[in-house]
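Peer 1: Submitted below is the structure of interest, expressed as structure tokens.
Rule-based calculations on the coordinates, nothing more; no lab input. It should be emphasised that the depicted structure is a prediction, and the values quoted were computed from it without experimental measurement. Reconstructed Cβ throughout: ideal geometry from the backbone, glycine too, with neighbour counts over all protein chains shown.
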Amino acid sequence: MRVLRQSMRGRVGAHDYPLEPEAAPAAFRGQVQLDPNRCRGDAACARVCPSGAITVEETSTGWIWQLDDSRCVFCGLCADACANRAVSLSNAFELAVRQPDDMVTRAEFIRNEETD
Ligand code: SF4
């Protein structure tokens, strides 16, 4: 009852979100992000992903890394598996899009024979 009275008098527990951005809590597991400068196409992220959200496809010149946000369960296994620290989970949580295709992130890589 005390909390109810407080909340009716003041603004206890009220937030202005979405008018005011709300910060994600520490250690929040949000949208997966790829650092293209670190990716070597090892595909460890794709192998451990339990929902098939990440795919890595070999091409004649390199590889294509793809993430489907609609399949991701934010478990973080991909980030743990990447020895190059190319994959991480950001604190982004506003992931709504208008078109299903917009949930797919695709990065195409050309293999550098000297470094990869
Ligand atoms: S966080 Fe989990 S479900 Fe999402 S892409 Fe990574 S391994 Fe797959």
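Peer 1: Which loop-located GluC sites (Glu not before Pro) does region 84-116 contain, where loop means any DSSP state but H, G, I, E or B and the Cβ has at most 13 other Cβ atoms within 10 Å?
Peer 2: Those that pass, being in a loop and sparsely packed, are E94, E113, E114.
Peer 1: Something else: Spin-label point model (7 Å from Cα, Cβ direction): what's the Q6 to V73 distance in nm?
Peer 2: 3.7 nm
Peer 1: Give a quick list of GluC sites (Glu not before Pro) in region 1-65 that DSSP marks as loop, anything other than H, G, I, E or B, with at most 12 other Cβ atoms within 10 Å.
Peer 2: Here the GluC sites (Glu not before Pro) that fit, given the DSSP loop and packing criteria, are E22.
Peer 1: Could you tell me which residue out of Y17, Q6, Q66 lies farthest along the dipole of the chain toward its positive end? Charges go on the beta carbon: Lys and Arg +1, Asp and Glu -1, centred on the Cα centre.
Peer 2: Q6
Peer 1: Between R111 and residues 5 or more places away or on another chain, which pairs have amide H atoms under 5 Å apart, with H built 1.01 Å from N, and which residues are they?
Peer 2: So R111 has HN proximity to G62, W63.
Peer 1: Which value, in debye to the nearest 20, gives the size of the charge dipole of region 24-110 about its Cα centre, when Lys and Arg are +1 and Asp and Glu are -1 at the Cβ?
Peer 2: In debye, rounded to 20, region 24-110 gives about 220.
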